[in-house]
Amino acid sequence: MNRTVLFFILPVILLLIDWYVFQAIKTVSRSATENTQRIITIAFWGFTAISLLLYVIMQLLPPDSISRNMRTFMWAVIAIPYFSKIFAVLIILIDDIGRFFRWIVSLFYKPEVREAVEDSTRQTIPSTDTISRSDFLMKTALVVGAIPLAGFTWGIVSGAHDYRIRRIKLPMKNLPSGFHGMTIAQISDIHSGSFFNKTAVRGGVEILLGQKPDLVFFTGDLVNSHAEEVNSYIDVFNKVKAPLGVYSTLGNHDYGKYVQWPSAQAERQNVLNVVAAHKQMGWNILMDEHKILEQNGDKIALIGVQNLGFGPAALRAGNLDKAYKGTEDYPVKLLLSHDPTHWDAEVRPKYGDIDVQFSGHTHGAQFGVDLGDVKWSPAQYFYKQWAGLYEQGNQRLYVNRGYGYIGYPGRVGILPEITIFELVKA
């Protein structure tokens, strides 16, 4: 759709949603005093005016005139309330559809009966204390609309940085005894360009360091698009250390493919700057290469590839064959690969001796239910493996739920994750 047309159509749609929801508010508040009703009307339409003003500002001002964080929050102020209002609209429609069909049926009755039926479709004040069906549905609509509004607001205030430790044991028959009991911490999808609370982000790093892992993995998406997004957080993430080192790789966002660049050279330079940021933090970034880890005289292989995604329009930049060569004779092979679709598409069919793939990418959609064995998220309709541990034969895939967030600046149900793995000899 033409951007100019959309610029005018979207406000009209938002106004229609507000008008519809306001009918429910008028129904519920009609027994209030006239002054109270006036205050409610001013507050409701005042917020509508603010939302539309923010929308116009973001459309007319140059993108660089508003910081990324401010732009994200402005969109949140608009999107979250209207997303919630849509739920209310669906409930109100139930009442309106019912009244419409009652009116249609009334057309087949005598005039005096029709008048009685038409009266029943009007939202009149009940003559008794019993709540009418229309009143009930209007109140239900407002409650249903309030639930996502409260939930998504709380997801920003609390869920965005409510870091959770998840502990996973990885038993392996071929694990050398020198690595038995070794611990690995994994974080993924930092998306530093989305952060708005540096103190909270630093707190998550302190939680990770408190686990005293032997090794740390980071599985991609350090930034949203631009390398400079991480600049103000280098002094936070350079604190991530481990005795056997910190190893990382790139995710799809690190390539800057979701913004326009003045030239191909500028785009390539941005990727180089992201890689440089990894090195500046003291992280060992693996770009289609491997590293041999040694512990107590024993050795295992760590493989890292650039992004290899196999979903619709996914980015494929890596080369697993190149990274794998030279690891054939090692008893255990661990793979860092950002996108979990890589596991079914290439790892399992072609590299049956890669024991574990560590991924991220999905964020668990930053929304869902994640309680013990009960897991649900919109992510599951797009990704076969979207959160947690998956096993097929002797191979495993772990999908980290992510450290940061993008788009919606919060999390509801699917909280940010720091995973602690323990390697054990089976």
Task: Selection from the stretch 375-403 of residues that are under 14 Å from Arg164 (Cβ atoms) and out of contact with any Gly (no Cβ under 8 Å at 6 or more places or on another chain) - done: Gly388
TODO: Only residues that are in a helix (DSSP H, G or I) and out of contact with any Phe, Trp or Tyr (no Cβ under 6 Å at 6 or more places or on another chain): list them for the stretch 166-192, please.
DONE: Ser177, Gly178, Phe179
- [ ] Working carefully through the options Ile50, Ile25, Ile40, find the one that is β-branched (Val, Ile, Thr), surrounded by fewer than 13 Cβ atoms within 10 Å (Cβ to Cβ) and in a helix (DSSP H, G or I).
- [x] Ile50
Task: Criterion: under 9 Å from the mean Cα position of the chain (by Cα), assigned by TED's automatic domain parsing to the domain that holds Ile300, buried (at least 19 other Cβ atoms within 10 Å of the Cβ) and aromatic (Phe, Trp, Tyr) - qualifying residue of Tyr398, Tyr408, Tyr403 - done: Tyr408
Open item on the list: Among (1) surrounded by 16 or more Cβ atoms within 10 Å (Cβ to Cβ); (2) among the hydrophobic types (A, V, I, L, M, F, W, C); (3) over 25 Å from the mean Cα position of the chain (by Cα); (4) within 25 Å of Lys325 (Cβ to Cβ), there is one condition Ala242 misses while meeting the rest; what is its number?
Closed with: (4)
- [ ] Within the stretch 193-230, track down each residue that is surrounded by fewer than 24 Cβ atoms within 10 Å (Cβ to Cβ) and either assigned by TED's automatic domain parsing to the domain that holds Trp75 or in contact with a Phe, Trp or Tyr (Cβ under 6 Å, 6 or more places away or on another chain) (or both).
- [x] Ser194, Val201, Gly204, Ile207, Ser225
Task: Number of positions in the stretch 288-305 that are surrounded by 18 or more Cβ atoms within 10 Å (Cβ to Cβ) and touching a Ser or Thr at 6+ places or on another chain (Cβ under 8 Å) - done: 5
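The values are calculated or read from the model by the stated rules, or taken from the named source; none is laboratory data. Remember, it's a predicted structure, so these values are computed and weren't measured experimentally. Heads up, the Cβs are rebuilt from the backbone with ideal geometry, glycines too, and the neighbour counts pull from every protein chain shown.
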